[in-house]
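To start, the structure itself, in structure tokens.
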Amino acid sequence: MDQHQSISELFAAVCNKYKDASAFTCLGKTMTFKELDDLSRDFAAYLQHHTTLAPGDRIAVQLPNLLQYPIVLFGALRAGVVIVNTNPLYTGRELEHQLVDSGAKVLVVLANLSKAAEEIIDKTQIQHVIVTEVGDMHDFLKRHIINGVLRYIKKQVPDCYFPSSVKFRRALQLGRRDSFTDVERSPDDIAFLQYTGGTTGVAKGAMLSQANLLANKQQILEFWGDSLQPGKENFLAPLPLYHIYGFTMHCMVLFAIGCESVLVPNPRDLDNVIKSFKKNKLTGMVGLNTLFVALARHADFQALDFSSLRITTSGGMALAEDTAKTWHKLTNTRIVEGYGLTETSPVVTSNDPKNPQVSTIGLALPDTELKVIDSEGGSLPAGEAGELCVRGPQVMLGYWERPEATEKVLSSDGWLRTGDIATIADDGYVRIVDRQKDMIIVSGFNVYPNEVENVLVSHPEIVEAAVIGVEDENSGEAVKAFIVRTEGSDIEDDEIKAFCRESLTAYKVPRRYEFRDELPKTNVGKVLRRELRDSERNA
């Protein structure tokens with residue numbers, strides 16, 4: 001367990017130790033730990049004196065990776081407020097559900113993306129809206145250039161009105177004038193409501209305590225040992241910090257050792273991701289499979305100097321074996337794959353950074369117990385596939401105001417059912433077979449999409465692939481593949497089928513194919529099989 005009682009306590013210790021070191025960099029602007037300490041203090045004071053928030057109340061943060069994010073995050077935690085991380089790309093309907101369900105009283109939103117909030121704000125309990133613009137943390141001239149170009153030239157900032165709103169910079173100015181005392185929080189107090197669809201149903205808020213997040217940070221640091229060098233790391237942060245994987249890695253694990261995180265506001269803008277590589281002597285990167293694939297195929301990325309890069313970590317979705325091989329050949333670094341869930345803060349397992357085993361998600365972190373169970377809840381022996389269950393200090397308290405949903409996944413003795421099908425080998429290494437709900441049953445045989453997709457993307461003319469089950473009058477379900485071909489490729493069904501037959505049993509080979517320019521993804525880059533299933537049903 002971590003020696004600190006709260007994230008705020010950890011924050012104070014880190015900022016004191018690494019005062020003048022760089023904490024976060026974004027769009028050419030760097031913020032030291034001392035500057036972050038001061039700015040987060042100002043924001044916390046604003047919340048205390050100019051809003052109705054009390055300790056334990058919720059604040060919704062709807063920001064991409066900008067310097068404003070860690071200021072708001074740590075400032076709110078210092079004020080004893082619970083963070084509700086909110087996807088900036090949410091539609092009005094999705095945002096309304098999360099704000100109403102969490103009971104958030106304050107919303108921090110990027111002006112460019114505020115239209116959805118304006119449309120539904122009167123249906124929520126939000127009493128104060130704090131609006132920021134992309135360039136707000138830059139110096140005077142650059143700030144006005146960035147914000148002016150986005151608002152008046154690119155027309156990316158809509159005109160929005162909120163009954164009670166303040167500009168982010170004004171909030172910091174007001175807070176700077178006020179007194180402030182850090183609010184003490186206990187290990188069991190909720191730090192985050194992190195929303196997730198879970199295994200089924202509507203989005204639910206996973207209650208992650210101070211102790212959950214502190215423990216997961218400490219588990220990762222202990223497991224990785226001397227692979228991370230305190231005060232000397234510089235990691236690229238293309239994945240959104242509002243996602244629990246990006247948050248825990250950059251704002252807990254790497255933050256705790258004085259690492260600089262280079263924030264990328266939009267990971268789909270590959271040119272800017274590559275520019276970040278060029279401008280910063282990066283020692284590490286936190287990413288996922290789709291991003292690695294896209295970068296490895298980009299000519300400008302292939303020409304980069306990777307001599308300083310030592311660590312690449314992967315999570316959030318399965319890492320394809322072909323992707324791991326390509327990345328290693330290109331950068332001379334091996335991708336360290338791990339596994340986790342929103343409900344586990346999130347990391348459960350990790351590979352050894354010095355010797356990762358491809359196609360596995362590694363070993364359980366310290367103080368983490370794993371087992372696989374059958375459909376009746378009985379434990380299965382090593383090597384047999386079943387639902388993976390987790391117990392450890394990183395497991396959530398439960399779902400916010402949803403006791404029935406909590407009981408379905410979290411037992412009274414602390415075991416969390418993940419909804420993932422896995423095997424645990426005799427040596428402890430874990431392999432994820434697939435999501436339980438994504439499994440396809442063909443004539444009584446189980447087909448796991450990940451296995452089929454890994455074969456498909458190993459074809460040199462296939463960039464991405466996703467498979468789902470579709471109704472079939474003969475076999476109950478059949479496998480359908482959605483394919484994104486390489487530019488200029490005209491590969492068709494028969495050639496892909498022949499290729500798959502070399503590696504897959506006949507019932508696993510996709511019978512039907514649909515070629516697309518792109519696949520639906522989350523903002524993190526995870527393919528949405530659910531949307532593919534929905535489009536198939538509505539066709």
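The values are calculated or read from the model by the stated rules, or taken from the named source; none is laboratory data. All of these numbers come straight from a predicted model, not from anything done at the bench. Counting neighbours? That spans all protein chains shown, and the Cβs are built from the backbone with ideal geometry, glycine included. Heavy atoms of the whole protein, side chains included, go into the accessibility calculation; ligands, DNA and RNA do not. Shrake-Rupley method; radii C 1.70, N 1.55, O 1.52, S 1.80 Å.
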Per residue, in Å², the accessible surface of the stretch 89-210 once ligands and nucleic acids are set aside, probe 1.4 Å: 50 Å²
message: Below 8 Å, C-alpha to C-alpha, sequence gap of six or more: please give me the relative contact order for the stretch 476-539 in percent.
response: 38 percent
query: Based solely on its DSSP helices, what 222 nm [θ] is calculated for the chain when runs of n ≥ 4 H residues each add -39,500 (n - 2.57) and the sum is averaged over all residues, nearest 500 deg cm²/dmol?
result: -8500 deg cm²/dmol
query: In nm, to one decimal, how far is the modelled label at LYS354 from the one at GLN125, with both set 7 Å along Cα→Cβ?
result: 5.0 nm
Inter-site label distance for GLU369 and GLU471 at 7 Å from Cα along Cβ, in nm: 4.4 nm
field: Pairwise centroid distance, computed over Cα atoms, of the stretch 400-436 with the stretch 255-296, Å
entry: 31 Å
task: Give me the distance in nm between label points sitting 7 Å out from Cα along the Cα-to-Cβ direction at LYS17 and ALA303, one decimal.
output: 4.1 nm
task: Assign one of three labels to the stretch 331-409, namely rounded, prolate or oblate, based on the Cα gyration tensor with a ≥ b ≥ c the square roots of its eigenvalues; rounded applies when a/c is under 1.5, prolate when it is not and a/b is larger than b/c, and oblate otherwise.
output: oblate
message: Just to be sure I understand: if I project the alpha-carbon convex hull of the stretch 1-50 onto a plane and average over all orientations, what area do I get in nm²?
response: 4.6 nm²
- prompt: On the accessible surface of the stretch 390-471, probed at 1.4 Å, how many percent belong to carbon and sulfur atoms?
  reply: 49 percent
- line: In whole angstrom, the spacing between the Cα centers of the stretch 489-531 and the stretch 175-252 equals 35 Å
field: Charge dipole (the chain, unit charges on Cβ, about Cα centre) - positive-most of LEU254, THR124, LEU53
entry: LEU53
Dipole of the chain, positive end: most advanced residue of CYS15, MET396, LEU504 [Cβ charges, Cα centre]: CYS15
- prompt: Toward the positive end of the charge dipole of the chain, about the Cα centre and with charges on Cβ (Lys, Arg +1; Asp, Glu -1), which of SER308, PRO163, THR360 goes farthest?
  reply: PRO163
field: Assigned charges on the beta-carbon of Lys, Arg, Asp, Glu; the chain dipole about Cα centre (debye)
entry: 1920 debye
query: Based on the Cβ-Cβ distance of ALA296 and GLN173, what FRET efficiency does E = 1/(1 + (r/R0)^6) give at R0 = 41 Å, to the nearest 0.05?
result: 0.35
query: So, in Å, what gap is there between the alpha-carbon centers of the stretch 23-52 and the stretch 155-173?
result: 17 Å
statement: Here, chymotrypsin sites (Phe, Trp or Tyr not before Pro) of the stretch 73-175 satisfying both criteria (DSSP loop; at most 14 other Cβ within 10 Å) are TYR161
- prompt: Rounded if a/c is under 1.5, else prolate if a/b beats b/c, else oblate: with a ≥ b ≥ c from the C-alpha gyration tensor eigenvalues square-rooted, which is the stretch 1-158?
  reply: oblate
Relative contact order for the stretch 31-118, counting Cα pairs under 8 Å that sit 6 or more residues apart, in percent: 35 percent
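Quick one: compute the contact order of the chain, relative version, from alpha carbon pairs under 8 angstrom and 6+ residues apart, as a percent.
Taking the mean separation of contacting Cα pairs over the length of the chain, I get 11 percent.
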- line: Expressed as a percent, the accessible surface of the stretch 99-224 that is carbon or sulfur, using a 1.4 Å probe and the full set of protein chains, is 52 percent
field: Coil-residue GluC sites (Glu not before Pro) of the stretch 426-513, DSSP, other Cβ within 10 Å capped at 13
entry: GLU473, GLU487, GLU492, GLU502
task: Specify which labelled value, from (i) 158; (ii) 333; (iii) 176, agrees with volume of the Cα convex hull per residue in Å³ derived from the coordinates of the model shown.
output: (i)
Contour excess over end-to-end distance, with Cα ends at SER412 and HIS50 and 0.36 nm allotted per residue: 126.2 nm
Per DSSP, loop GluC sites (Glu not before Pro) in the stretch 337-403 with at most 10 further Cβ within 10 Å: GLU376
